[in-house]
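The values are calculated or read from the model by the stated rules, or taken from the named source; none is laboratory data. What you are looking at is a predicted structure, and each value in this text was computed from that prediction instead of being measured. Every residue, glycine among them, receives a Cβ derived from its backbone with ideal geometry; neighbour counts consider all protein chains shown. Accessible surface areas use protein heavy atoms only, side chains included; no ligands, DNA or RNA. Shrake-Rupley method; radii C 1.70, N 1.55, O 1.52, S 1.80 Å.
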Amino acid sequence: MTVQEESAAAPGGTGQPLVRLTGVQKHYGNLHVLKDIELDVARGEVVVVIGPSGAGKSTLCRAINRLETIDEGDIFLDGQPLPQEGKALARLRADVGMVFQSFNLFAHKTVLENVTLGPIKVRKKSKAEADKRGKELLDRVGVGHQAGKYPAQLSGGQQQRVAIARALAMDPKVMLFDEPTSALDPEMIKEVLDVMVDLAERGMTMIVVTHEMGFARTAANRVVFMADGAIVETADPETFFTNPESDRAKDFLGKILKH
Amino acid sequence: MDVVWEHREAIALAFAYTVLLFLIAGVGSTILGTLLAGMRVGPIPVLRWAGAGYVTLVRNTPLVIVIIFFRYAAPKIDLKFNFIDVVIPTGAGDIRLNNIFAACTVGLTMYTAAFVCEALRSGINAVPLGQAEAARAVGMPFGGVMRHVVLPQAFRASIPPLANVQIALIKNTTVAGALGVAEAFVRMRGLINIDATARIPIFIAFAAIFVVLVEIISFAAHRLERRVRVA
Amino acid sequence: MRRMKLGMTAVAVLLAGSLVACGEAGEDDDGGGGTGVEGAEPLTVEAESDCDGKFEEGSRMAELAEAGEIAIGNRVDQPGLGQQDTPDSVPEGFDIDMAKLLIADLCIDPESDAVNWTEAVSEQREQFLEDGTVDLVAASYSITDERRELVGQAGPYLLTGQQVLVPIDSEVESIADLEGEEVCAAEGSTSLENIELEGAVGVPAATYGQCAEDVVNGTVPAMSTDGSILRGLAQQYEGEVKVVGPEFSEERIGIGYSPDAPEMCEWINGVITEAYDSGDWEQAFQYHLGTEDEDAPEPPALDECQA
């Protein structure tokens, strides 16, 4: 895989960040799961969020399209504050692609229908147009020949690639990946990561929660390290992996790199 | 068996009422029950509350009381169905869909809808949360999430309990017999009154027809279940 | 004067769950008058005192007198014939008076707890006699050949015919005016069949009280059954409904007894004949079924007991 520019600065940025989180707080009862989160993601930037389990990475990811509500703070997408509920929120979500750990393909729809449902029902595209674009995307992620099958007939890696195609079919401004390879058998992880690296190279803005350090090194513009609900450290991948500042990050990297 | 054969036209007519009560209340309760289920799992608290209230009130009330309400109490508050008067002529006599039939059908529909709602809700709960999240993530509003993603899958999981509800409905139509519709059960009691010596053949004949009707519903449900099953 | 308040609210219906319960509230509001001729005296029946050796050894009558208990199948929703306020009370009506005469003849006090009054709706009556749930049926029980194949029927002690009950302002004059119209009657009853034979559309109901309610609130244009029952209902809903038309059927009302005890027939006929002769029959008729305009009819001739 080719390595992206090392710079932490946003490539091709227009000054205003595409995603901005300021002062975000969230509690589950007494548990403080997001602590005063400040994060800007520039257009075209690939941000990888890593950290130990329970650090709040997934919650952060899901808060960005309001699958999780937040208690305090603001989240802006392309300069617009996140709406509370209803049609406006639905419109915003259409612009944010989401890939889940457990794929969540629509079990009663074929692979192609999974990819075209959003464009037809939300973007109001014609079925022919949506099918054509859907097939292109399925070819691009390498599952074009499976278009007529149901999700349950596919392997995990294939399902996750369909899920990526489904998100891409909405022409999103930003893609969120919530541990996209954690539920996969090892031999299938690469086929999904390859698709993600390809996306990054095409300039897609991506926020990726993952344990795949290889992906972080090769594809990320920036690594965000979280622990106990807070962002502890932000750095370019090279700096982070070779010379982490915080003790928490050193400890974390020490544990995972031993194996 | 003579008395059964002698009255075959009257029996056929009676079962026509039974089947019509079943079909109209079956379709009506499916529609109303689906709306109620949508209210109960939806995001609007007032509707959730109203849906739960409806189910609690109607499901916990004996059917006969629900129908008596529409037959005898509703007319007192000027809720009458006198505008309904459809006559379907048949070789065995007219089938009359009148105010009484309408009141009984409305009662059966409203009662059964509470059970349809709960059967669907059990199906909705069986659909993994991730399905709805994925649908929301592609930008579908609540209605779209329900219509395109959750309900089709919930319906599949709900077919066995829904079939039970509809089977209960066809048997519950006999309650309408005591309240003004000349359906099968009334005809059976009438025949027994005419000729009590033939009690057992009459009983067997009516039970057999009910068994056939219920088997048709079971068979249809089974076929439907297989058709919507995903490999 | 005996008009009952059937003004139920929706809540009342939901709570009561049964129109029978509602329809019979307010029974004792008229100072003890019957449903028949105003001012007529009710028949008082006292138990015979000595039944030793009165009945043939081993007969059902002897067994009942010995036991001192009897179960009667009766109607509870037919004013004038058989009506009962609560399951524990002693019912009232012409059928009931006939039953009381029979009970008393067995040296059992008809007003006491020794009598088990059991509601027997139309199609239960044969069953109750066959399985011994009741010893006698006095429940506007029409005598028919089919029934006599299953159970014993003695009588008739009353001849009635089916008439029509309509709202007070109705233009209907007889069943002939109701061809193709809905007419209510109790389900499983001969009345319902007769309505259909006359070309009207039968509307079944669980009780005659429900039918009357449907006529009053306009759900059906008419109801039909024995004229004596209709007159009782017409008094309950005085000023709202009326009985019209000639009788278009003849019902011969008798007493049902167990098919295993044919010896009861002669006994029943004997007690009824005694009531004809003593004037008890006429007194009971006037009190429950009589009208001011007419004298009591001649009591009907009893059928011979079959061997």
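A few remarks follow.
- Whenever a residue of segment B:200-228 is on the phi < 0 side of the Ramachandran plot, its partners that are open to solvent by 40 Å² or more (accessible area, probe 1.4 Å), lying with C-beta atoms within less than 6 angstrom and at least six residues away or across chains, give the pairs B:Pro201/B:Met1; B:Val228/B:Arg156.
- Test: residue in segment A:111-120 that is buried (at least 19 other Cβ atoms within 10 Å of the Cβ), over 12 Å from B:Ala137 (Cα atoms) and polar (S, T, N, Q): yes
- When C:Pro297, C:Pro259 are screened for being assigned by TED's automatic domain parsing to the domain that holds C:Gln124 and open to solvent by 20 Å² or more (accessible area, probe 1.4 Å), only C:Pro259 passes.
- Each residue in segment B:171-186 was checked for being in a helix (DSSP H, G or I), open to solvent by 10 Å² or more (accessible area, probe 1.4 Å) and at the interface with chain C (Cβ under 9 Å from one of its Cβ atoms), and 1 of them qualify.
- Of all the numbered requirements in (1) open to solvent by less than 10 Å² (accessible area, probe 1.4 Å); (2) at positive phi, C:Gly218 misses one, and that requirement is (1).
- Set C:Glu238, C:Glu266: member being open to solvent by 10 Å² or more (accessible area, probe 1.4 Å) and in the same structural domain as C:Ala120 (by TED's automatic domain parsing): C:Glu266
- Some residue of segment A:29-45 being within 30 Å of A:Leu184 (Cα to Cα), within 14 Å of chain B (Cβ to nearest Cβ), in contact (Cβ under 8 Å) with a residue 60 or more places away in the chain and open to solvent by 20 Å² or more (accessible area, probe 1.4 Å): no
- Filter result (more than 10 Å from chain B (Cβ to nearest Cβ) and touching a residue at least 60 places away in the same chain (Cβ under 8 Å)) within segment A:102-115: none
- Any hit, segment A:120-139, residues being assigned to a strand (DSSP E or B) and free of Cβ contacts under 8 Å to residues at least 12 places away in the same chain: no
- Being of a type in the set (Asp, Glu) and modelled with pLDDT of 90 or more is a condition met by no residue of segment C:290-302.
- Residue within segment C:122-129 that is open to solvent by 30 Å² or more (accessible area, probe 1.4 Å), in contact (Cβ under 8 Å) with a residue 24 or more places away in the chain, within 14 Å of chain B (Cβ to nearest Cβ) and out of contact with any strand residue (DSSP E or B) (no Cβ under 9 Å at 6 or more places or on another chain) present: yes
- If you go through segment B:67-99 and pick out every residue that is within 9 Å of chain C (Cβ to nearest Cβ), touching a residue at least 40 places away in the same chain (Cβ under 8 Å) and crowded, with 20+ Cβ neighbours inside 10 Å, you end up with 2.
- Some residue of segment B:121-134 being under 25 Å from A:Val96 (Cβ atoms), charged (D, E, K, R), within 8 Å of another protein chain (Cβ to nearest Cβ) and over 17 Å from the mean Cα position of the chain (by Cα): yes
- Within segment A:65-101, if we keep just the residues that are hydrophobic (A, V, I, L, M, F, W, C) and closer than 25 Å to A:Gly157 by Cβ, the residue that is farthest from the other protein chains (Cβ to nearest Cβ) turns out to be A:Val99.
- Candidates B:Ala102, B:Ala114 - the one that is more than 14 Å from chain A (Cβ to nearest Cβ), free of Cβ contacts under 8 Å to residues at least 60 places away in the same chain, in a helix (DSSP H, G or I) and hydrophobic (A, V, I, L, M, F, W, C): B:Ala102
- Extreme residue, farthest from B:Pro161 (Cα to Cα), among residues of segment B:120-138 that are of a type in the set (Gly, Ala, Ser) and buried (at least 24 other Cβ atoms within 10 Å of the Cβ): B:Ala137
- Pairs, first surrounded by 13 or more Cβ atoms within 10 Å (Cβ to Cβ) in segment A:59-88, second among the β-branched types (Val, Ile, Thr) and not in a strand (DSSP E or B), C-beta under 7 Å, six or more apart: A:Ala63/A:Ile70; A:Glu68/A:Thr59; A:Ile75/A:Ile64
- Scanning segment C:130-152 for residues that are buried (at least 17 other Cβ atoms within 10 Å of the Cβ), more than 17 Å from the chain's Cα centre (by Cα) and within 13 Å of chain B (Cβ to nearest Cβ) yields a total of 3.
- Checking C:Cys184 against (1) at pLDDT below 90; (2) facing chain B (nearest Cβ under 10 Å), the condition it does not meet: (1)
Here is a yes/no grid of residues against (1) without any contact (Cβ under 8 Å) to a residue 12 or more places away in the chain; (2) surrounded by 22 or more Cβ atoms within 10 Å (Cβ to Cβ); (3) within 13 Å of the chain's Cα centre (by Cα):
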| residue | (1), (2), (3) |
| --- | --- |
| A:Asp178 | no, yes, yes |
| A:Thr181 | no, yes, yes |
| A:Val192 | no, yes, yes |
| A:Val197 | no, no, yes |
| A:Glu201 | no, no, no |
| A:Val208 | no, yes, yes |
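- A:Ile231 satisfies every condition listed in (1) in contact (Cβ under 8 Å) with a residue 40 or more places away in the chain; (2) over 21 Å from A:Asn65 (Cα atoms); (3) not in a helix (DSSP H, G or I) except (2).
- Total residues in segment C:87-98 satisfying the condition of being in contact (Cβ under 8 Å) with a residue 60 or more places away in the chain and over 11 Å from C:Phe285 (Cα atoms): the figure is 1.
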